[in-house]
Amino acid sequence: MLWANNIYFYYKKSDDENSEKGIALKGVNLNIKKGEFVVIIGHNGSGKSTLAKHYNAILIPSSGDVIVDGMNTKDGSKLWNIRQKAGMVFQNPDNQIVATIVEEDVAFGPENLGIPPEKIRKRVDESLSAVNMLDYAHHGPHLLSGGQKQRVAIAGVLAMRPECIILDEPTAMLDPSGRREVIDTIKRLNKEEGITIVLITHFMEEAVEADRVVVMEEGKVVLEGSPRDVFSKVEEIKRLGLDVPEMTELAFELRKSNINIREDILTIEEMVDEICRLK
Amino acid sequence: MSIKIENLVYKYMTGTPFEKTAIDDVSLEIKDGEFIGLIGHTGSGKSTLIQQLNGLLKPTSGKIYIDGEDITVKGINLKKIRQKVGLVFQYPEYQLFEETVFKDVAFGPQNLGLSDDEILKRVKRALKIVGIDFEKYKDKSPFDLSGGQRRRIAIAGILAMEPKILILDEPTAGLDPKGRDEILEEIRKLHKEYNNTVILVSHSMEDVAKLVDRLIVMYKGKNILTGTPREVFKEIETLEKIGLAVPQVTYLIRELRKRGIDIREDIITVKEAQEEIVRLLRRDKK
């Protein structure tokens, strides 16, 4: 579905012609299968957002290829098809909402695709109900909570009928319940609608339920695998300036105290089971 | 420096059909040197509350005393208040504007009319606190730095004012775990060293559990709960009902107790959980 083949990305550090070039991606290979739920983690500046922006042709690789559902992002004529296949949601909900009424905001994308009005109506209603926001269709977006705004932003992407949604830290600005709403919505879209999800996050708890976790460092993929495989490497993850889920951390600390507990625990339920077993 | 709030009310768009009460009769007291965590879901009134503490917003009614002085009276010297009460907004890095790191951090103290020597001393001290190397960065443009570094420089700009009360609105939002831990550690050290009053607005229950002396919980413009993190996080049902949560380990302990395991109820950090579980398992072995 999304295919990054040995991509490099250089950027100029300032507008000055002769300024030194920065390098944000150094040979990334990362293929994401249809229907997969992939979480990308990495510290600030590790290249994860740069990579994400390559998957819907906001950025074009300096070398290497990004193929979205068979289309190379370098092919300018395919730009709109690519953006329609792979939609993107950003961190700040306030920067993504363009209209003054929720349903008009969701209709913005399909309108630009030139879809007939009656079909737009249907798409808007379906998208809003997929994120549980149909009741707010006639509200002003500024009166919504952060989690609700992000769900409207997701609905706006859904109305384009994408096969893949890329979310760049969609929960960074939200309170705990808003975070929950957004993550539950993402998971449901993945499980029930089969939409491919690429989620960038700093919250390790959100990575626990992914099919695959990808760790980036200095423009490269340095670790990759199931959440259980990746997070059981506690020391390596910490060396990269990242965290593991709190339960994995607790298991790690308990092992240091000579408690013979499984090291690949991810969730509260697993921790409870382990402690009951050891008791 | 202490803060005392009496029957504070703040209404938006008063006299219009859109009138909304953002702060609804809040009374509270914060003692000199206290480290306070302010939590509440988006829209609960946290930001509206803190913006009144340095006179950015004027209350509709009620009183605010900073160090015994009522700051809600007419003709109050706001400059003096803002020197005492430093407010770091969300995403403060977007407020950087100067050509160099030095000029940006020096902007506040310069406006206080301090001598050049004093300004230099303060800028150095503030950058040191936030872990930015003065010599290496003073002449760099803030816009060439990473997001985490820019955030620190913005915080240093407030610290250089040497406020007796420091208020931070989600200082770690959007930072990676390492950046988050570093900034929180710097705030903790600063508080320990200078014993200033700190108010930390946060959405991370894990962070406030580790750091603060006391939590103030806001809901619909009211202060509905206050106490030590240990006391507040016992109220799992109340907190969940108002869109908040408790630390992961607190949920773990609740689940263990449900399974009939006899473990202390009031655990809020990973370290405490580790100690208690070790004790529990060793006790059973004996």
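The values are calculated or read from the model by the stated rules, or taken from the named source; none is laboratory data. Small disclaimer: the values here were computed from a predicted structure and weren't measured. Note that we place each Cβ from the backbone using ideal geometry, even for glycine, and neighbour counts take in every protein chain shown. Heavy atoms of the whole protein, side chains included, go into the accessibility calculation; ligands, DNA and RNA do not. Shrake-Rupley method; radii C 1.70, N 1.55, O 1.52, S 1.80 Å.
Observations, loosely collected:
- Computed extension length for A:SER77-A:VAL222: 48.9 nm, one decimal, from 0.36 nm per residue of separation with the Cα-Cα distance subtracted.
- Extreme residue, positive dipole direction of chain B, given options B:PRO109, B:TYR137, B:GLY33 (C-beta unit charges): B:GLY33
- Region A:32-147 - percent relative contact order, Cα under 8 Å, separation 6 or more: 16 percent
- Considering only alpha-carbon pairs that sit under 8 angstrom and 6 or more positions apart, the relative contact order computed for region B:13-158 is 21 percent.
- Rg [Å, one decimal], Dmax [Å, integer] - region A:215-254, C-alpha atoms: 10.2, 34
- Cβ-Cβ FRET estimate between B:ASN7 and A:LEU143, R0 fixed at 30 Å, reported to 0.05: 0.65
- Label separation (A:TYR11 vs A:GLU235): 3.5 nm, computed from points 7 Å beyond Cα along the C-beta direction.
- Compactness of chain A was expressed as the Cα radius of gyration divided by 2.2 N^0.38 Å, which yields 1.08.
- Of A:SER177, B:SER27, the residue with the largest accessible area leads and the full order is B:SER27, A:SER177 (1.4 Å probe).
- Of all segments of chain B bounded by chymotrypsin sites (Phe, Trp or Tyr not before Pro) found in a DSSP loop with no more than 14 other C-beta atoms within 10 Å, the longest spans B:98-286.
- 3J(HN,Hα) along region A:149-157, derived from phi through the Karplus expression 6.51 cos²θ - 1.76 cosθ + 1.60 where θ = phi - 60°, amounts to 4, 5, 5, 5, 4, 5, 4, x, 6 Hz, with x in place of Gly and Pro.
- Charge dipole of region A:2-224 about the Cα centre (unit charges at C-beta), most positive-ward option of A:ASN44, A:ALA210, A:ILE60: A:ILE60
- Each principal axis of the Cα atoms in chain B has its own extent, and those three values, largest first, are 67, 53, 33 angstrom.
- FRET efficiency, 1/(1 + (r/R0)^6) with R0 30 Å, evaluated for B:GLU231 and A:LYS256 via beta carbons: 0.50
- The protein assembly as shown shape via C-alpha gyration tensor axes, a/c threshold 1.5: rounded
- Take each residue of peptide B:178-191, count the partner chain Cβ atoms within 10 Å of its Cβ, and average: the result is 1.
- Within 10 Å of each Cβ in B:201-214, the average number of Cβ atoms from other chains: 1
- Of the residues A:TRP80, A:TRP3, the one with the largest accessible area comes first in the ranking A:TRP80, A:TRP3, computed with a 1.4 Å probe on protein heavy atoms.
- Averaging the sequence gap over all C-alpha pairs within less than 8 Å and six or more residues apart, then dividing by the number of residues, gives region A:2-224 a relative contact order of 29 percent.
- The listed residues A:CYS276, A:CYS164, once ranked by accessible area (1.4 Å probe) with the largest placed first, stand as A:CYS276, A:CYS164.
- Angle between chain A longest axis and helix A:268-278 axis [Cα atoms, degrees, rounded to 10]: 20 degrees
- Distance from the C-alpha centroid of region B:37-97 to that of region A:99-147: 37 Å, rounded to the whole angstrom.
- The Rg/Rh ratio for region B:247-286 is 0.95, where Rg is the radius of gyration of the alpha carbons and Rh is the Kirkwood radius.
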